[in-house]
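Structure first, commentary second.
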Amino acid sequence: MPNYAYVLKDPKGIKKQGVITTTNQQEAITKLQESGNVVISLKAAREGSEDRQLTINDKVKASLDKIQNSVPLNILVFFTRQLATMFSAGLTLEKSLTNITEEQKHKRFRKVCEEITADVKRGQSLSDALQKYPAVFSSLYVAIVKAGEVSGTLHTTLEELADYLEMLEDTKRKVISAMAYPVVILTFTAIVVVAMVVLLVPEFKAIYDKVGAELPPATAALIVFSNFLAENGLVTFFILAIMLIGIWISSLTNTGALIIDTVKLKFPIVGNLVNGSIMSKYSRTLSILLASGVPVLDAFKLVNKVVDNIIIERGISKIMSSIKEGTTIAHAMRLAGVFPNILLQLAATGEETGEIDQLLGKAADFYDKQVDATITRLTSVIEPILIIIMAIAILSVVFTIYFPIFYLGEAYLKQGGVR
């Protein structure tokens, strides 16, 4: 029988660690939880204690692989919901997967479903089959499915997982929608301005040259800029593309990610939106993991992979270190120094009442509402600002182009153009 290294806290709060020999992981958890013990971590004794640090190349490859092989979140949500419904209705896992595969329209995901179904038919567990496709099924997804398998409540776990993914998708959609609006407006403004500079300015330049009118400095500068774009448009495009790629690669480094994530959290109004969405994801993810029976440290490791902000990730790493030393979850969160008071208070109350997973879920609901309120406020504030920016940009170009026309009559008179 396999050995499992464990760390737990007894009902008195005393941390204990050791090795237990059982037939499987679930039996080990059940035995360790007897008498009110809280399992902090549990892993096969042969496993290493630390994960290898990823290099920039690893991160770039992982990002590109995810872009190339991932599937839309709404498809994953529907797959999970279908599987939960069929499985709970009494169909076997194999039959449920077969039915889902036959109805799947997304070509890439259909291929994945075919492979998963084949693996399950060969006797593999669902979690083992899913973990072969990390670009589609995250380690969090696989861990929750595995927890449902070992506890014998897979259908319930799948329903909860589908609910969780739907809430994540809803929050993500709202945040992207709020952030996309100003980007679209500013991009449209930039395109209009560039089009005017490239297409209109040369026409007016010919008129100015013909009459020999002396141009104002602003108009002369605009003509120089127009000539530059006309002669170096392709080069400019490639330079901008290289800059964007450079920013993306920099965001994968610790220093670059720290700068970008700090700006995200500190930026007026937008920072509240980003922070609210992160706190919602953190609370809801930790809630479903703890409710599924995932050991505390393993749960925080998985949460650390989904918050998508290096400042919060470092805070979670501090939490894990504190918990290893025997600190409670709520106190460890407070020591991390990155979580708001309302979340800390709910976590503390949850630990005292033994319902931390439920109260974390309530915290997630609170932050979802906060995100909605922030989006409403952001839209009301930013819409008039964007309209003003767009008007100023376009009118500035128009004024710069047309302003010299008022002096063309005088230029014609000087040249004898009007008799």
(Q) Suppose the filter is farther than 24 Å from ILE392 by Cβ and basic (Lys, Arg); does LYS264 pass it? (A) yes
Q.
I need every pair where a residue in the range 137-163 that is farther than 14 Å from THR80 by Cβ and free of Cβ contacts under 8 Å to residues at least 60 places away in the same chain has its Cβ under 6 Å from the Cβ of a residue that is of a type outside the set (A, V, I, L, M) and buried (at least 19 other Cβ atoms within 10 Å of the Cβ), sequence separation at least 6 or different chains.
A. LYS146/SER127; GLU149/SER127
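Results for (1) surrounded by fewer than 21 Cβ atoms within 10 Å (Cβ to Cβ); (2) under 20 Å from the mean Cα position of the chain (by Cα); (3) of a type outside the set (Phe, Trp, Tyr), shown as yes or no for each residue.
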residue	(1), (2), (3)
ILE356	no, no, yes
LYS362	yes, no, yes
LYS369	yes, yes, yes
SER380	yes, no, yes
ILE388	yes, no, yes
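Please go through the range 317-331 and pick out each residue that is out of contact with any Asp or Glu (no Cβ under 8 Å at 6 or more places or on another chain) and touching a residue at least 24 places away in the same chain (Cβ under 8 Å).
Those that are out of contact with any Asp or Glu (no Cβ under 8 Å at 6 or more places or on another chain) and touching a residue at least 24 places away in the same chain (Cβ under 8 Å): ILE323, LYS324, GLU325, GLY326.
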Q. With respect to VAL263, is the statement that it is modelled with pLDDT under 85, in a helix (DSSP H, G or I) and either loosely packed, with under 14 Cβ neighbours inside 10 Å or more than 23 Å from the chain's Cα centre (by Cα) (or both) true?
A. no
Q.
Quick check on the range 312-349: of everything there that is of a type in the set (Gly, Ala, Ser) and buried (at least 16 other Cβ atoms within 10 Å of the Cβ), which residue is farthest from VAL263 (Cα to Cα)?
A. ALA348
Q | Filter result for the condition that a residue is part of a helix (DSSP H, G or I), more than 21 Å from VAL381 (Cα to Cα), among the β-branched types (Val, Ile, Thr) and modelled with pLDDT of 85 or more, over ILE185, ILE191 | A | ILE191
Q | Enumeration of residues in the range 217-262 that are of a type in the set (Val, Ile, Thr), touching a residue at least 60 places away in the same chain (Cβ under 8 Å) and within 20 Å of GLU313 (Cβ to Cβ) | A | ILE249, THR253
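The values are calculated or read from the model by the stated rules, or taken from the named source; none is laboratory data. The structure presented is a predicted model; accordingly, all values stated were derived computationally and were not measured. We place every Cβ from the backbone using ideal geometry, glycine too, and count neighbours over all the protein chains shown.
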